[in-house]
Amino acid sequence: MIPSSKGQFPSLPIGLRTRFAPSPTGYLHLGHVASAIYVWGIARLHGAEILLRMEDHDQGRCRRHYEASILENLRWLGFSADIGVTDADKPSPYRQSNHSERYEEALDQLHASTYRCQCSRKDILERTGTQLHELWYDGYCRSIDRGPNIRAKFPREIQRFHDHRLGAQTQTPADQCGDLLLKDRDGFWTYNFAVTVDDIKEGINLIIRGEDILSATGRQLQLRQILGGPSIAGVHFMHHPLLRSPENAEQKLSKRDRSTSIGEWKAQGYAPEDLIGKAAFQLGLLDRETKVSAHELEGLFS
Ligand code: GLU
C-alpha cells in the first residue's frame, strides 16, 4: 500500500513506446532505480510499451559483465521490459554494439552536414578558454576536414520542446556545445548520435530520463532534423528529478548511497521493495520510506 503519491503527471495518449537505456559502464545503483521508477510507473499507468536498450556505444568503458549484472539486477528488482535485451551472451537488435551498420547508414545520410575533426579536448580548451559548464566546439576544423573525429555542423537554431514536468524548453545547441561530435577519435559513436538514431529507428515516442541530461535533448532534436527523422510532434519528453538526500532536499545523494551497487544492497539483506521504496522516497515521491514493489509503481503517478 502506497501512503501518498506525489508524482502528478499529465495525461498521455495510450499506446506510446518508451525505453530504459542503461550504459553498462558499471553496476546498477539507486540512481538507475530512480529512472526505472519513472519509466515503469509512467509507462504502466499509460499503457506504454517498455523497451530495454543497452547503450554500450562507448566500447572503451562498457563491459559485458556489467551488462549481465544489470540484467540480473533488473530481473531481481521486478523491472521487466516488454521488448529488448534479455541475455548478455546473445546478440540483440537492442544492444548498440550489435548494430553499428545502423549508425554507418545514418552517418552516410548526414554526409553533407558532417566533417572530420582533429581537435582533442585539450586543443579545444586552449583555443576557447576554460569552459564553465561544458566543452564548446568552435568549428575550427570545418574547412580543414581532417582527423579522427566526426562532427555534425550545427547552425544556430533554436530548439523548442515541451517537457511534461519542467514545461516549455528552449535550447540553442550551437551556443551550448557547438558542432556535435558523432564519432570520437577511438572510433566510438557518441551518446547523442547513437541515442538519436536508435530513438528514431525503434519508434520511441516517450522519452523519460534524468534532468541531468536535459541539455542533450535540444542536440538530439537538431540531429533528428538533419537526419530527416520524423517530426517530434508526437514525441513526449519527461526529465525526472535526481535522487536527493532525504535530510536535506537541496543536497545530492550521499556518495555512499550513490555508489552502493544493487548487488551490495542485496547482500546486506535489502529486498527489492526496500530499495524501490528508498529511491521513491529520496525522489520525493513518498512521504516516508516504505516498501514499494515494481508492479505498484503506477500508483505513485496516478
Ligand atoms: N544511457 C544513458 C544513461 O545511462 C541513458 C540516457 C537516455 O535515456 O537517453 O544514463
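The values are calculated or read from the model by the stated rules, or taken from the named source; none is laboratory data. If you're wondering where the values come from, they're calculated on a predicted model, not measured in any experiment. Using ideal geometry, Cβ is built from the backbone for each residue, glycine included, and neighbour counts are taken over all protein chains shown.
Table for the structure above
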read-out	value
Failed condition for residue 201, given (1) more than 28 Å from residue 138 (Cα to Cα); (2) within 13 Å of the ligand (Cβ to nearest atom)	(2)
Lone qualifier among 67, 49 - being more than 10 Å from the ligand (Cβ to nearest atom), among the acidic types (Asp, Glu) and over 24 Å from residue 164 (Cβ atoms)	67
Any hit, segment 229-246, residues being of a type in the set (D, E, K, R), modelled with pLDDT under 95 and more than 29 Å from residue 113 (Cα to Cα)	yes
Residue match in segment 272-281 (condition: at pLDDT 80 or above, over 22 Å from residue 70 (Cβ atoms), touching an Asp or Glu at 6+ places or on another chain (Cβ under 8 Å) and not basic (Lys, Arg))	yes
Condition check for residue 150: part of a loop (DSSP other than H, G, I, E, B), of a type in the set (A, V, I, L, M) and in contact (Cβ under 8 Å) with a residue 40 or more places away in the chain	no
Residues that are aliphatic (A, V, I, L, M) and either farther than 22 Å from residue 208 by Cα or modelled with pLDDT under 95 (or both), drawn from segment 53-73	68
Residue that is farthest from the chain's Cα centre (by Cα) [pool: residues in segment 177-195 that are within 13 Å of the ligand (Cβ to nearest atom) and in contact (Cβ under 8 Å) with a residue 60 or more places away in the chain]	189
Qualifying residue in segment 99-111 (condition: within 14 Å of the ligand (Cβ to nearest atom) and buried (at least 18 other Cβ atoms within 10 Å of the Cβ))	no
All positions within segment 201-240 that are in a loop (DSSP other than H, G, I, E, B) and either touching a strand residue (DSSP E or B) at 6+ places or on another chain (Cβ under 8 Å) or in contact (Cβ under 8 Å) with a residue 60 or more places away in the chain (or both)	202, 203, 204, 205, 227, 228, 235
Residues located in segment 106-127, provided they are more than 26 Å from residue 224 (Cβ to Cβ) and either of a type in the set (Ser, Thr, Tyr) or in contact (Cβ under 8 Å) with a residue 60 or more places away in the chain (or both)	120
Residue within segment 74-86 that is away from the ligand (no atom under 16 Å from the Cβ) and either acidic (Asp, Glu) or at pLDDT below 95 (or both) present	yes
